[in-house]
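The values are calculated or read from the model by the stated rules, or taken from the named source; none is laboratory data. Bear in mind the structure is a predicted one, so any value in this text is a computation, not a measurement. Every residue, glycine among them, receives a Cβ derived from its backbone with ideal geometry; neighbour counts consider all protein chains shown. With ligands, DNA and RNA removed, areas are computed over all heavy atoms of the protein, side chains included. Shrake-Rupley method; radii C 1.70, N 1.55, O 1.52, S 1.80 Å.
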Amino acid sequence: MNAFDSITGWVAAALFGVAIGSSLVNRSRLKAGLSFSMGWFRAHNWLGVIATVAGVAHCLASITRSTLPVGEEIGIWAGAAAVGLLVLTAFAGSGLSGAKRDARARIRRNHVATMFAVLAVGIVHTALNGPLAGR
């Protein structure tokens with residue numbers, strides 16, 4: 001793996017985390033009786049888009065034709081699944097703004113569910129292929 005592969009993966013992971021955090025800021029604002037912040041909402045959207053692009057770049061740049069040990073191979077497939085789910089999460093999120101009011105709750109649930117799936121398989125990928133994988 002070269003520096004570009006590593007950097008794009010960590011950038012995708014970091015931006016994904018910050019995008020989640022920016023969404024949680026808006027949720028906490030609403031729970032506190034404050035107004036919804038379009039600034040935090042836009043930040044969430046842009047961070048998600050850039051995280052998705054970085055994740056796809058990481059996936060495409062990291063692909064090799066070499067044979068890997070089973071654990072690392074499973075990690076690669078988990079990473080590919082995380083990127084696929086990340087793209088699905090981005091599509092679900094992008095559909096929220098223009099959705100009809102009665103469809104928003106379902107779309108939001110799908111958006112959050114796929115976000116948790118990205119986290120889960122991303123953790124598996126990092127555990128099996130990351131810097132602490134015990135190479």
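Accessible surface of residue 91 in the full protein assembly, 1.4 angstrom probe, to the nearest 10 Å²?
140 Å²
Largest first and in whole Å, what are the equivalent-ellipsoid semi-axes of region 1-119 based on the Cα gyration tensor, each being the root of 5 times an eigenvalue?
Numbers: eigenvalues 191, 45, 26 Å².
Whole-Å semi-axes of the equivalent ellipsoid: 31, 15, 11.
Please give the charge dipole size of the chain, origin at the Cα centre, charges +1 on K and R Cβ atoms and -1 on D and E Cβ atoms. Round to the nearest 20 debye. Intermediate results must be reported in sequence, preceding the final value.
Numbers: 12 positive and 4 negative charges, 164 e Å.
Using Cβ point charges on Lys, Arg, Asp and Glu, the chain gives about 780 debye.
Rounded to the nearest 500, what is the chain's calculated 222 nm mean residue ellipticity when only DSSP H runs of at least 4 contribute -39500 (n - 2.57) each, over all residues?
Working: 4 runs with 108 residues, N = 135.
About -28500 deg cm²/dmol.
Between residue 61 and residue 101, with labels modelled 7 Å along Cα→Cβ, what's the label distance in nm to one decimal, could you check?
Distance between label points: 4.5 nm.
Could you give the spread of the C-alpha atoms of region 34-82 along their three principal axes, from largest to smallest, in whole angstroms?
So the three principal-axis extents are 53, 19, 9 Å.
With r as the distance between the Cβ atoms of residue 18 and residue 113 and R0 = 25 Å, compute the FRET efficiency 1/(1 + (r/R0)^6) and round to 0.05.
Values: r = 20 Å, r/R0 = 0.80.
Approximately 0.80, to the nearest 0.05.
For the peptides 107-113, 78-84, what is the packing order when you average, over each peptide's residues, the other Cβ atoms within 10 Å and list the highest mean first?
Values: 107-113: 15.9, 78-84: 20.7.
Highest mean packing first, the order is 78-84, 107-113.
In Å², and per residue, what accessible area does the chain have when probed at 1.4 Å with the other protein chains present?
Details: 8670 Å² over 135 residues.
Solvent-accessible surface per residue comes out at 64 Å².
Note the full-extension length gain between residue 38 and residue 74 as 0.36 nm times their separation in residues minus their Cα-Cα distance, in nm to one decimal.
Numbers: separation 36, 0.36 × 36 = 12.96 nm, distance 3.97 nm.
That works out to 9.0 nm of additional length.
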